[in-house]
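Asker: Mind having a look at this structure? Questions to follow.
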């Protein structure tokens, strides 16, 4: 697999891409997105599809879904998984803010990708490019993890300046891969800016063979932190209408203290 230098600061390459392919599969949200596509229509696009955690099950269900991602490494693993099951799809190595695809879609899904690896300008441009790639009346279905839940362990940092960068934690996540070797991930915070609502994380990925480290890669990712109302406003400015916010797994309004992950349904106007 060819290694590439990412245009945006993100860590979804090399060993991290392999980790996602090996261990980040399935999930109880896949059926939610399947039902959303069934309701809004095909063809569909999984924007920020990564190694295919959501995309591959949608293809298994017989849906007409393309994928795109900024990381060619992630897409290579996605293609490998699709080919192994005889599933046909088209994958595009493009960031959301640079989308320029030959097709328009009834539904575009964004799962776990908004705000990662770019700037606020990139994120807004991504919403505008998604809007442009929807057919009139088409639907964007985009999830988002709320910062007060996602950053619960560091919530005090919004009021009191932390000592950064953090040291590497003593505990890491080490798992056995399909070929019997092991992969290990370790993450720490490099920077946090409550005024700009940004944070930078660093991930160290290691590959073990017979308990010996044979490769280590360290990369950082820039993350823009968003609250619900900010995203709604961005969607409106990007041209979307009829914006509905719900719980990710149930079609009901989110509960402020119970739901850590929400989903936005936003429509491109029929006369757009």
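Asker: So which residues in the range 163-204 are over 19 Å from residue 219 (Cα atoms) and touching a helix residue (DSSP H, G or I) at 6+ places or on another chain (Cβ under 7 Å)?
Answerer: Listed by number, the residues that qualify are 175, 177, 178, 194.
Asker: Let me ask another. In the range 80-96, what residues are farther than 14 Å from residue 48 by Cβ and either buried (at least 17 other Cβ atoms within 10 Å of the Cβ) or not assigned by TED's automatic domain parsing to the domain that holds residue 126 (or both)?
Answerer: Once the filter is applied, which keeps residues that are farther than 14 Å from residue 48 by Cβ and either buried (at least 17 other Cβ atoms within 10 Å of the Cβ) or not assigned by TED's automatic domain parsing to the domain that holds residue 126 (or both), the range 80-96 yields 81, 82, 87, 89.
Asker: Using the structure shown, decide if residue 65 is buried (at least 24 other Cβ atoms within 10 Å of the Cβ) and more than 15 Å from the chain's Cα centre (by Cα). Full working, then the answer.
Answerer: Values: buried (at least 24 other Cβ atoms within 10 Å of the Cβ): yes; more than 15 Å from the chain's Cα centre (by Cα): yes.
Taking the combined requirement at face value, the residue satisfies it.
Asker: While we're on this one: Residue by residue through the range 218-242, note down the ones that are assigned to a strand (DSSP E or B) and over 20 Å from the mean Cα position of the chain (by Cα).
Answerer: Matches in the range 218-242: 240, 241, 242.
Asker: While we're here: Residue check: is residue 132 free of Cβ contacts under 8 Å to residues at least 40 places away in the same chain, in the same structural domain as residue 247 (by TED's automatic domain parsing), out of contact with any helix residue (DSSP H, G or I) (no Cβ under 7 Å at 6 or more places or on another chain) and within 17 Å of residue 45 (Cα to Cα)? First the steps, then the outcome.
Answerer: On the way: free of Cβ contacts under 8 Å to residues at least 40 places away in the same chain: yes; in the same structural domain as residue 247 (by TED's automatic domain parsing): yes; out of contact with any helix residue (DSSP H, G or I) (no Cβ under 7 Å at 6 or more places or on another chain): yes; within 17 Å of residue 45 (Cα to Cα): yes.
Against the criterion (free of Cβ contacts under 8 Å to residues at least 40 places away in the same chain, in the same structural domain as residue 247 (by TED's automatic domain parsing), out of contact with any helix residue (DSSP H, G or I) (no Cβ under 7 Å at 6 or more places or on another chain) and within 17 Å of residue 45 (Cα to Cα)), residue 132 qualifies.
Asker: What do you reckon, is residue 195 within 30 Å of residue 9 (Cα to Cα), without any contact (Cβ under 8 Å) to a residue 60 or more places away in the chain and not assigned by TED's automatic domain parsing to the domain that holds residue 177?
Answerer: On the way: within 30 Å of residue 9 (Cα to Cα): yes; without any contact (Cβ under 8 Å) to a residue 60 or more places away in the chain: yes; not assigned by TED's automatic domain parsing to the domain that holds residue 177: no.
Here the answer is no, as residue 195 does not meet what is asked.
Asker: Can you tell me which residues in the range 135-160 are farther than 16 Å from residue 114 by Cβ and buried (at least 20 other Cβ atoms within 10 Å of the Cβ)?
Answerer: Scanning the range 135-160 gives a single hit, 138.
Asker: All but one of (1) in contact with a strand residue (DSSP E or B) (Cβ under 6 Å, 6 or more places away or on another chain); (2) within 20 Å of residue 231 (Cβ to Cβ) hold for residue 129; state the number of the condition that does not hold.
Answerer: The one condition residue 129 does not meet is (1).
Asker: Hey, another quick one. Does the range 20-39 include one or more residues that are surrounded by fewer than 22 Cβ atoms within 10 Å (Cβ to Cβ), over 26 Å from residue 251 (Cβ atoms) and either over 16 Å from the mean Cα position of the chain (by Cα) or not assigned by TED's automatic domain parsing to the domain that holds residue 131 (or both)?
Answerer: Yes, the range 20-39 contains a residue that is surrounded by fewer than 22 Cβ atoms within 10 Å (Cβ to Cβ), over 26 Å from residue 251 (Cβ atoms) and either over 16 Å from the mean Cα position of the chain (by Cα) or not assigned by TED's automatic domain parsing to the domain that holds residue 131 (or both).
Asker: Can you list the helices (runs of 4 or more DSSP H) lying wholly within the range 52-147 that have 3 or more residues being farther than 21 Å from residue 236 by Cβ and at pLDDT 95 or above? Spell out how you get there, then give the answer.
Answerer: Working: elements: 55-60, 72-84, 120-132.
It comes to 55-60, 72-84.
Asker: Is it the case that some residue within the range 201-215 is crowded, with 17+ Cβ neighbours inside 10 Å, under 30 Å from residue 186 (Cβ atoms) and in the same structural domain as residue 123 (by TED's automatic domain parsing)?
Answerer: Looking through the range 201-215, none of the residues is crowded, with 17+ Cβ neighbours inside 10 Å, under 30 Å from residue 186 (Cβ atoms) and in the same structural domain as residue 123 (by TED's automatic domain parsing).
Asker: Same structure again: Tell me which residues, restricted to the range 221-238, are in contact (Cβ under 8 Å) with a residue 60 or more places away in the chain and surrounded by fewer than 16 Cβ atoms within 10 Å (Cβ to Cβ).
Answerer: Answer for the range 221-238, where residues must be in contact (Cβ under 8 Å) with a residue 60 or more places away in the chain and surrounded by fewer than 16 Cβ atoms within 10 Å (Cβ to Cβ): 227, 228, 237.
The values are calculated or read from the model by the stated rules, or taken from the named source; none is laboratory data. Because the structure is predicted, anything quoted here is derived from the model rather than measured. In this analysis, Cβ positions are derived from the backbone assuming ideal geometry, glycine residues included, and neighbour counts consider all displayed protein chains.
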